[in-house]
Ligand code: AMP
């Protein structure tokens, strides 16, 4: 099964992705995590996208689709994939469609902007495995340390108040239109109320997906 997980930055995609991965036994492909790894490793691609990512802007559609294709060609994606944070523009959705990658469902996590802003202000991310935490609502067991892999937790450089506002504006103008794209394609869109706990959101997803 090929699934797209979409929603505003901070809507809970990163928290739900590992849950979905286990539930469907299908790998998550997160372009954000892949690009952050490229930046950390100081690869050519990493150097190209570093500034754009730090400003909270979108990386070019061509680079994203190249990155995505090289990942989903790997054997573990043969029976399906869960796309996290991609497509992020209607053009990317069209490019994925042009590749004849059949999308079975779009899981759309809906969260109001004011809640998103509060969430992103306290977000912590594992620099190594990409797991996400929140200082108040979902703290790690040991301060500053990832529960899953034991590596250091960081505040993303794009999780600052101004950049959060810009990212939300970009989401509404460029990413939300993908819902219209998939509505026209008659792809199933599963709308989830993400203005609730991580566990409650997972329950809704399980009900709709299984
Ligand atoms: P994320 O972790 O999904 O919030 O992605 C972090 C950053 O990576 C974004 O703010 C963009 O700069 C870049 N990025 C990730 N996925 C995409 C995408 N599908 N299209 C454009 N830029 C992306």
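The values are calculated or read from the model by the stated rules, or taken from the named source; none is laboratory data. None of these values were measured; they are calculated from a predicted model. Every residue, glycine among them, receives a Cβ derived from its backbone with ideal geometry; neighbour counts consider all protein chains shown.
For region 17-37, the set of residues classified as closer than 20 Å to residue 109 by Cβ and near the ligand (Cβ under 8 Å from one of its atoms) consists of 30, 31, 32, 33, listed by residue number. Among the residues making up region 1-18, a single one is farther than 17 Å from residue 191 by Cα and either within 13 Å of the chain's Cα centre (by Cα) or in a helix (DSSP H, G or I) (or both): 18. Residues in region 42-59 that are farther than 19 Å from residue 6 by Cβ and modelled with pLDDT of 95 or more: 42, 43, 44, 45, 46, 47, 48, 49, 50, 51, 52. Do you know which of the residues in region 177-196 that are in a loop (DSSP other than H, G, I, E, B) and without any contact (Cβ under 8 Å) to a residue 60 or more places away in the chain is surrounded by the most Cβ atoms within 10 Å (Cβ to Cβ)? The qualifying residue surrounded by the most Cβ atoms within 10 Å (Cβ to Cβ) is 196. Only a single criterion out of (1) away from the ligand (no atom under 12 Å from the Cβ); (2) surrounded by 18 or more Cβ atoms within 10 Å (Cβ to Cβ) is not satisfied by residue 9, namely (1). Residues in region 59-95 that are touching a strand residue (DSSP E or B) at 6+ places or on another chain (Cβ under 8 Å) and closer than 24 Å to residue 158 by Cβ: 8 in all. Among the residues making up region 155-164, those that are out of contact with any strand residue (DSSP E or B) (no Cβ under 6 Å at 6 or more places or on another chain), surrounded by 12 or more Cβ atoms within 10 Å (Cβ to Cβ) and in contact (Cβ under 8 Å) with a residue 12 or more places away in the chain are 155, 157, 158, 163, 164. Of everything listed in (1) out of contact with any strand residue (DSSP E or B) (no Cβ under 8 Å at 6 or more places or on another chain); (2) buried (at least 19 other Cβ atoms within 10 Å of the Cβ), the single unmet condition for residue 174 is (2). Where strands (runs of 3 or more DSSP E) fall wholly inside region 55-170, the ranges with 2 or more residues that are within 12 Å of the ligand (Cβ to nearest atom) are 81-84, 123-126. How many residues does region 37-48 hold that are over 17 Å from residue 62 (Cα atoms) and either in contact with a strand residue (DSSP E or B) (Cβ under 6 Å, 6 or more places away or on another chain) or in a helix (DSSP H, G or I) (or both)? Summing the residues that are over 17 Å from residue 62 (Cα atoms) and either in contact with a strand residue (DSSP E or B) (Cβ under 6 Å, 6 or more places away or on another chain) or in a helix (DSSP H, G or I) (or both) in region 37-48 gives 3.
The set of residues from region 22-36 being in a helix (DSSP H, G or I) and either more than 20 Å from residue 126 (Cα to Cα) or without any contact (Cβ under 8 Å) to a residue 24 or more places away in the chain (or both) comprises 22, 23, 24.
Of all the residues in region 38-53, those that are within 12 Å of the ligand (Cβ to nearest atom) and either touching a helix residue (DSSP H, G or I) at 6+ places or on another chain (Cβ under 8 Å) or over 25 Å from residue 168 (Cβ atoms) (or both) number 8.
Kindly evaluate residue 3 against the criterion of being over 27 Å from residue 122 (Cβ atoms), in contact (Cβ under 8 Å) with a residue 24 or more places away in the chain, away from the ligand (no atom under 12 Å from the Cβ) and touching a strand residue (DSSP E or B) at 6+ places or on another chain (Cβ under 7 Å). Yes, satisfied.
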